[in-house]
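Below is one structure, written out as structure tokens, with a few remarks after it.
The values are calculated or read from the model by the stated rules, or taken from the named source; none is laboratory data. Keep in mind that what you see is a predicted model, and the values were worked out from it rather than measured. Positions of Cβ are backbone-derived with ideal geometry, glycine not excepted, and every protein chain shown enters the neighbour counts. Accessible surface is based on the protein model in full, side chains and every heavy atom, while ligands, DNA and RNA are left aside. Shrake-Rupley method; radii C 1.70, N 1.55, O 1.52, S 1.80 Å.
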Amino acid sequence: MDILIFVNFFLVFMIGASLCSWITYEFDNYEIDTSLRNKLFKRSKCDHCGEKLKWYNLFPVFSYLFQNGKSTCCNKQINFKYLALEGFAGVILLLSFSLNSIYLGIIALLVLALVIFDERYLEIPLWINIAMLVWVLNYHQNNSSFEMMQNNFMFALIVFAALLLLYFIFLKVKGYAGFGLGDAILIFSICLHLGLPLGIYAITLASLGLLVKILWVKRYKEQHAFGSWLGGSFLVITLYQEFYGFAGLASI
Ligand SMILES: [Zn+2]
């Protein structure tokens, strides 16, 4: 194999794994540590003795393998989830890269992060919403469909405004929020990306999914995550469109 291709593959894998490593830290410390400075620059610590990790402990996947799954400070077992999650994210990104659709790998990882955060904390972190919006803008820029996205803008804005109105009416009448503002921002991105009618399909699919889940688990009074269903539908439709949509268009 060409050495340059190998280096490229290795880098892509490491980017996926590092991204996942950061997300895992963020997930574990969400609500505990909310300082932005810490989120970005704080050095990771050993889970057992709290000692700051050295630079050679910080390579996702590889540090774990070379250290035989043991911490170098206190020689205790490092949680296997780090290896599994980082390896998984690295492979997803590498796979999408080798299929020439790294965009799909990135959005798949973002949606996975969205699902675990929303299911666990019942809110969508702002950074995920921003990342998804940036993804949508970049996607259309690079696929020369920017004009199409601009045409979707009005539709997305109207849906977003309607949701805001609904949000405040609900708050006024019931005294609590019916859904999160994060969901409204996510729906804006989805409508901007998919346009009509696919955007409506995605929202309908997500609502049906959540409805089935609520009926299934029979918890009618509790709060349920909606963002994870939205993200899931968004991903499914985007993947479908990517693999069948354009092929379908070409055959017309
Ligand atoms: Zn330690």
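Residue ranking by accessible heavy-atom surface, 1.4 Å probe, largest first, among Leu198, Leu19 comes out as Leu19, Leu198. Solvent-accessible area per residue in the chain equals 62 Å², computed with a 1.4 angstrom probe and all protein chains kept. The calculated FRET efficiency for the pair Lys221 and Lys81, based on their C-beta separation and a Förster distance of 30 Å, comes to about 0.40. Cα centroid separation, the stretch 71-109 to the stretch 211-227: 30 Å. What a 1.4 Å probe finds exposed on the chain is 68% carbon and sulfur by accessible area, rounded to a whole percent.
Surface calculation, 1.4 Å probe, protein heavy atoms: Tyr167 sits at approximately 30 Å² accessible. With loop membership from DSSP and a limit of 16 other Cβ atoms within 10 Å, the longest segment of the chain without trypsin sites (Lys or Arg not before Pro) is 77-217.
Ordered from largest to smallest accessible area (heavy atoms of protein chains, 1.4 Å probe), the residues Trp22, Trp216, Trp55 come out as Trp216, Trp55, Trp22. A 1.4 Å probe, protein heavy atoms only, puts the accessible area of Thr204 near 70 Å².
Considered as an equivalent ellipsoid built on the Cα gyration tensor, the chain has semi-axes of 34, 26, 16 Å, the largest given first.
At a probe size of 1.4 Å, how large is the accessible area of Ile106, to the nearest 10 Å²? Here the accessible area works out near 70 Å².
Name the shape class, rounded, prolate or oblate, that the alpha-carbon gyration tensor gives for the stretch 109-252, where a ≥ b ≥ c are the square roots of its eigenvalues, rounded holds for a/c under 1.5, and otherwise prolate holds if a/b is larger than b/c and oblate otherwise.
prolate
Put Ile190, Ile5 in order of accessible area, highest first, and with a 1.4 Å probe you get Ile5, Ile190. If R0 is 25 Å, the Cβ-Cβ spacing of Val7 and Leu196 corresponds to a FRET efficiency of close to 0.05.
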